[in-house]
1. Answer with yes or no whether Leu256 is among the hydrophobic types (A, V, I, L, M, F, W, C), in a loop (DSSP other than H, G, I, E, B) and open to solvent by less than 60 Å² (accessible area, probe 1.4 Å).
2. When residues of segment 230-266 are filtered for being farther than 30 Å from Pro62 by Cβ and out of contact with any helix residue (DSSP H, G or I) (no Cβ under 9 Å at 6 or more places or on another chain), how many remain?
3. Identify all residues within segment 34-49 that are assigned to a strand (DSSP E or B) and small (Gly, Ala, Ser); write none if there are none.
4. Report, by residue number, each residue of segment 345-363 that is more than 17 Å from Gly155 (Cα to Cα) and either open to solvent by 40 Å² or more (accessible area, probe 1.4 Å) or not aliphatic (A, V, I, L, M) (or both).
5. Just give me the residues in segment 167-185 being free of Cβ contacts under 8 Å to residues at least 60 places away in the same chain and not hydrophobic (A, V, I, L, M, F, W, C), in sequence order.
6. State all residues of segment 213-243 that are open to solvent by 50 Å² or more (accessible area, probe 1.4 Å) and under 20 Å from Glu136 (Cβ atoms); if no residue qualifies, say none.
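The values are calculated or read from the model by the stated rules, or taken from the named source; none is laboratory data. As the structure is a prediction and not an experimental result, all values here were calculated from the model. Ideal geometry is used to build each Cβ from the backbone, glycine not excepted, and the neighbour counts take in all protein chains shown. Note: areas computed on protein heavy atoms with side chains; ligands, DNA, RNA excluded. Shrake-Rupley method; radii C 1.70, N 1.55, O 1.52, S 1.80 Å.
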Amino acid sequence: MEINVTKSILLKELAVASKFRGKEIKGGGITEGSPYIALSASENGLTIRSTDKQVYYQNILPLEIVGEEDLEQVHVVKVPGQATLTHKFEEVLRKFPSETVNIKVTGEKLILTSDGVNAEVATLEYDFPAPPSGKEGESINSPKSFFENIISTTGFAAGESDSRPILKGINIKGDGKTFTAVATDSHRLSKYEAEQSIVIDNITIPSKPFASVLETLNGDEKVKLTPLENYVKLVQEDRIVFILLLDGVFPDTTKLVSIGDTNTSSHLKINAKELINAIDRAIPFAKNDKGKPMVHLEMIENSIKIFSNAEDGSMTSTISLIEASEKILSEKIVLNAKYMIDAIKSHSSKEVTIVIESKQKPVYIISKDTSNTQLVLPIKY
């Protein structure tokens, strides 16, 4: 293989691919996947591949890009072929002073040359893993912002514990009439639900890798998401990324999301920013439940009181309600402050409605955006 590359373009792509390479362990070995990046050159462009097993990343860099007046040549393939790139390759390429660098494979070495600067970097014969394959299911073909909205609405509620790995993901499904995305760590739940003509199998995508992959995609161009047996495939132009699906059955949460009407529950409409600030002010004196701050919430006629107290002090804020149902719960409720702030922030509305039935039942945070429902379980105290 011999190619001329534009250094800045190749380095930018290698930085993206490096996010999904297997991590090397001190003393030898790797976690999973491959610690290397595969580079292949052909008349179709430069193909970059990396994998940490959970994510398999592939992108084709075109040899020409659209310039101010015409196509500009940015890479030249003199001899097609492939090479395995180590961490050292990126470090060395970055040191070259010129934008155009010649890269040539000679035996077990990569020879880099540019304007009187020469370098040799070891390479190796390595059978890079092939991309996942299998029978494809129905697809979602939507702008990137559609998937980003799912992440911002639900992703933060996904679990982090290895004891229940299925809860680390966002469960999505569509029957052609209603599309639903749900995440829960068993203490809170976030649900996106809208009437959309999307048909897709019930799958659970790991939340953090999903968010990381979306960050690598361009602008708001359309993304095609397709289930592929044990993976989900995301395609945007020449970039193809596979994410390993979580194995197991996602819990049935339909019965949890059951919001009572104004006859059985307290419906409290309130300014979202004021509520966030009040909860945040209470955190310094909040008693922790396993390291998580707890705040007290109490309803008083047309206002709501948020307070916390500790041996070294206390904090109380009283906020006027914009609107309230006739039924007002007289009991105090203890809630996880961070969970409440996350839930409120997921709504783009200036106003949110807090729905409370009792201190034992879930607290709901809703708004005029009916597709977004947030649920936080009270803390027994």
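1. no
2. 17
3. Selection gives Ala38, Ser40, Ala41, Ser42, Gly45.
4. Hits for segment 345-363 are Ser349, Lys350, Glu351, Thr353, Glu357, Ser358, Lys359, Gln360, Lys361, Pro362.
5. Answer for segment 167-185, where residues must be free of Cβ contacts under 8 Å to residues at least 60 places away in the same chain and not hydrophobic (A, V, I, L, M, F, W, C): Lys173, Gly174, Asp175, Gly176, Lys177, Thr178, Thr180, Asp185.
6. Lys222, Lys224, Glu229, Asn230, Glu237, Asp238
Listed here are the residues, each with its yes/no results for (1) under 11 Å from Arg188 (Cβ atoms); (2) among the charged types (D, E, K, R).
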{"residue": "Asn336", "(1), (2)": "yes, no"}
{"residue": "Glu357", "(1), (2)": "no, yes"}
{"residue": "Asn372", "(1), (2)": "no, no"}
{"residue": "Val376", "(1), (2)": "yes, no"}
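Residues are listed down the side, and each one gets a yes or a no for (1) over 17 Å from Pro209 (Cα atoms); (2) not charged (D, E, K, R):
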{"residue": "Asn118", "(1), (2)": "yes, yes"}
{"residue": "Glu136", "(1), (2)": "yes, no"}
{"residue": "Asn149", "(1), (2)": "no, yes"}
{"residue": "Asp162", "(1), (2)": "no, no"}
{"residue": "Pro165", "(1), (2)": "no, yes"}
{"residue": "Thr184", "(1), (2)": "no, yes"}
